[in-house]
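Some notes on the structure that comes next.
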């Protein structure tokens with residue numbers, strides 16, 4: 001049996017990659033992670049790269065190891081080696097793992113991941129799970145990889161992601177683990193799945209208790225030395241637990257110390273590239289843990305608009321639900337975490353430069369990245385420069401649903417001739433604006449046009465953020481699987497009739513699955529009927545974007561018990577900021 005487990009572990013490593021995909025905007029700033037760089041792991045990786053861009057490893061294949069090197073640099077905010085990027089770009093495979101890896105790289109580099117997410121979504125099965133390739137049986141491993149990639153790509157909670165979360169919850173074992181065969185040992189799979197579900201803790205019913213059970217399982221597997229066996233196993237588990245337990249990581253202090261104790265004098269962990277890359281990632285995350293899912297953050301880098309060089313000592317004042325003042329570090333960066341979600345006014349000030357004012361809405365669990373904030377030299381106070389007569393607007397255009405930057409958006413000054421195009425980070429600058437109230441109109445392909453205004457003063461700069469929303473109307477849908485109540489076998493060809501503000505119908509496929517979308521807002525009834533069975537119906541008020549699963553069990557004609565196809569709703573209502581239980585909340 002032990003030999004079989006060793007074989008399984010090697011098979012699993014051949015297609016596993018450590019996922020830090022959860023959480024767009026959870027990447028630490030370079031300054032915050034500086035202590036991890038000094039530990040020597042990154043330096044060792046950089047001096048041991050092979051021609052394919054990966055360091056040597058006796059544990060994982062080169063493509064896998066190279067990807068982990070890329071992830072170390074992404075977490076640190078530093079440029080990955082060009083050889084590593086070229087090697088990852090040449091990946092010829094199109095299974096779930098490879099597509100998920102390519103999506104992560106695309107998002108990290110600011111490229112459009114939508115062609116890759118389209119390929120990935122084509123692999124999803126009617127159950128909501130993903131198999132390794134199209135037509136393959138869905139597995140928790142592939143589903144966790146796919147869900148994490150879709151989350152990082154900014155896919156909102158919809159039928160696709162919601163059904164994937166539900167699939168994973170249903171696959172969890174009673175002891176809190178995932179993994180039912182030798183292909184994916186439970187420790188690995190539980191860590192990966194736990195991490196993929198963290199962003200949905202308060203969004204999908206059943207996710208919170210599933211996460212709690214998984215955390216308990218992983219902590220119960222901790223060995224006497226404080227770790228979980230091999231270095232890469234321990235790093236993988238620590239990565240998942242850091243995401244799940246933030247902000248209180250005190251329970252992991254012993255494990256982190258034990259992991260650090262395994263580091264060699266040369267900076268590596270056992271001279272292995274895979275071990276070193278994973279251990280370094282865990283250290284970086286522990287130094288700057290991910291954002292508390294109930295709070296928010298703002299980060300950015302301030303530079304000189306004329307030279308592009310970072311500015312140290314810029315005063316950054318935030319006023320809103322939280323009030324605080326910080327200064328930029330030597331690299332011009334600022335990173336403020338654990339803010340109460342809400343709207344913030346921000347002022348960037350430094351002697352000899354025009355003050356930049358900005359306003360940002362910061363949502364729950366989001367880190368707003370202002371990108372590069374250029375300060376314009378104040379020539380009105382400098383020798384040889386005349387008094388400024390115009391002002392400047394600096395800004396960023398983002399996708400309102402995902403928070404991701406929009407490149408190639410058109411920004412036009414209403415009533416003027418000035419037009420700017422956003423760069424790969426969604427940034428733009430409109431200069432030479434006459435003092436007064438200025439109105440900007442922003443347009444991007446596939447989005448509704450947006451506007452924003454700013455009060456312009458001579459010699460000053462204003463910073464704004466414009467959110468655009470898709471011009472597609474959110475789709476309401478209902479889906480499910482219809483089975484025989486006695487045998488559990490799928491019922492093929494059952495009639496599904498939707499009536500209400502609109503009337504249409506469909507039938508179940510060979511797996512008993514059906515999907516219908518486009519319900520008009522209002523009271524809607526879904527009736528499911530099959531020859532030889534009692535019909536089942538339910539009614540609910542639909543609204544745009546609402547997706548409901550209805551998977552009834554049909555009984556043969558005239559045999560349905562009174563309680564058939566009824567349900568009990570249970571759950572815990574939590575405060576979004578503190579995660580504390582709330583009493584007296586009305587549930588409708």
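The values are calculated or read from the model by the stated rules, or taken from the named source; none is laboratory data. Note that the structure is a prediction, hence the values are computed from the model and not measured. When we count neighbours, we look across all protein chains shown, and the Cβ atoms used for this are built from the backbone with ideal geometry, even at glycine.
Quick check on residue 179: is it assigned to a loop (DSSP other than H, G, I, E, B), touching a helix residue (DSSP H, G or I) at 6+ places or on another chain (Cβ under 8 Å) and surrounded by fewer than 24 Cβ atoms within 10 Å (Cβ to Cβ)? I'd like the intermediate steps shown before the answer.
Working: assigned to a loop (DSSP other than H, G, I, E, B): yes; touching a helix residue (DSSP H, G or I) at 6+ places or on another chain (Cβ under 8 Å): yes; surrounded by fewer than 24 Cβ atoms within 10 Å (Cβ to Cβ): yes.
For residue 179, the condition - assigned to a loop (DSSP other than H, G, I, E, B), touching a helix residue (DSSP H, G or I) at 6+ places or on another chain (Cβ under 8 Å) and surrounded by fewer than 24 Cβ atoms within 10 Å (Cβ to Cβ) - is met.
Residue by residue, here is whether (1) at pLDDT below 90; (2) surrounded by 17 or more Cβ atoms within 10 Å (Cβ to Cβ); (3) in the same structural domain as residue 121 (by TED's automatic domain parsing); (4) in a loop (DSSP other than H, G, I, E, B) holds:
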| residue | (1), (2), (3), (4) |
| --- | --- |
| 143 | no, yes, yes, no |
| 148 | no, yes, yes, no |
| 160 | yes, yes, yes, no |
| 163 | no, yes, yes, no |
| 170 | no, no, yes, no |
| 187 | yes, yes, yes, no |
| 192 | no, yes, yes, no |
| 210 | no, yes, yes, no |
| 215 | no, yes, yes, no |
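Which of (1) assigned to a helix (DSSP H, G or I); (2) more than 17 Å from the chain's Cα centre (by Cα); (3) more than 20 Å from residue 50 (Cβ to Cβ) does residue 87 not meet, given it meets every other one?
The number of the failed condition is (3).
Give the number of residues within region 286-304 that are crowded, with 24+ Cβ neighbours inside 10 Å, farther than 17 Å from residue 333 by Cα and at pLDDT 80 or above.
0
With (1) in a loop (DSSP other than H, G, I, E, B); (2) under 15 Å from residue 275 (Cβ atoms) as the list, and residue 51 as the residue in question, which single condition is left unmet?
The number of the failed condition is (2).
Would region 125-138 turn up any residue that is in a helix (DSSP H, G or I) and either modelled with pLDDT of 90 or more or buried (at least 23 other Cβ atoms within 10 Å of the Cβ) (or both)?
Among the residues of region 125-138, not one is in a helix (DSSP H, G or I) and either modelled with pLDDT of 90 or more or buried (at least 23 other Cβ atoms within 10 Å of the Cβ) (or both), which makes the answer no.
Among the candidates 524, 506, which residue alone is under 27 Å from residue 562 (Cβ atoms) and either not assigned by TED's automatic domain parsing to the domain that holds residue 160 or not in a loop (DSSP other than H, G, I, E, B) (or both)? First the steps, then the outcome.
Values: 506 fails: under 27 Å from residue 562 (Cβ atoms).
Exactly one of 524, 506 is under 27 Å from residue 562 (Cβ atoms) and either not assigned by TED's automatic domain parsing to the domain that holds residue 160 or not in a loop (DSSP other than H, G, I, E, B) (or both), namely 524.
Restricting attention to region 482-494, does a residue exist that is in contact with a strand residue (DSSP E or B) (Cβ under 8 Å, 6 or more places away or on another chain), crowded, with 19+ Cβ neighbours inside 10 Å and more than 30 Å from residue 163 (Cβ to Cβ)?
no
Within the group 320, 329, which residue is assigned by TED's automatic domain parsing to the domain that holds residue 427 and out of contact with any strand residue (DSSP E or B) (no Cβ under 8 Å at 6 or more places or on another chain)?
Answer to the check: 329.
Yes/no per residue for (1) assigned by TED's automatic domain parsing to the domain that holds residue 116; (2) under 23 Å from residue 269 (Cβ atoms); (3) at pLDDT 75 or above:
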position	(1), (2), (3)
19	yes, yes, no
31	yes, no, no
47	yes, yes, yes
57	yes, yes, yes
66	yes, yes, yes
81	yes, yes, yes
87	yes, yes, yes
94	yes, no, yes
98	yes, no, yes
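From the list 142, 52, which residue is in contact with a strand residue (DSSP E or B) (Cβ under 8 Å, 6 or more places away or on another chain), farther than 27 Å from residue 406 by Cα and touching a residue at least 12 places away in the same chain (Cβ under 8 Å)?
142
Can you name the number of the only condition in (1) loosely packed, with under 15 Cβ neighbours inside 10 Å; (2) in a strand (DSSP E or B); (3) on the phi < 0 side of the Ramachandran plot that residue 463 fails?
(1)
Scan region 80-94 for residues that are surrounded by fewer than 18 Cβ atoms within 10 Å (Cβ to Cβ) and under 20 Å from residue 148 (Cβ atoms) and jot them down.
91, 93, 94
For region 106-124, how many residues are assigned to a helix (DSSP H, G or I) and either more than 18 Å from residue 71 (Cα to Cα) or modelled with pLDDT of 90 or more (or both)?
8
Scan region 499-523 for residues that are within 26 Å of residue 557 (Cβ to Cβ) and crowded, with 21+ Cβ neighbours inside 10 Å and report the count.
Residues meeting the conditions: 3.
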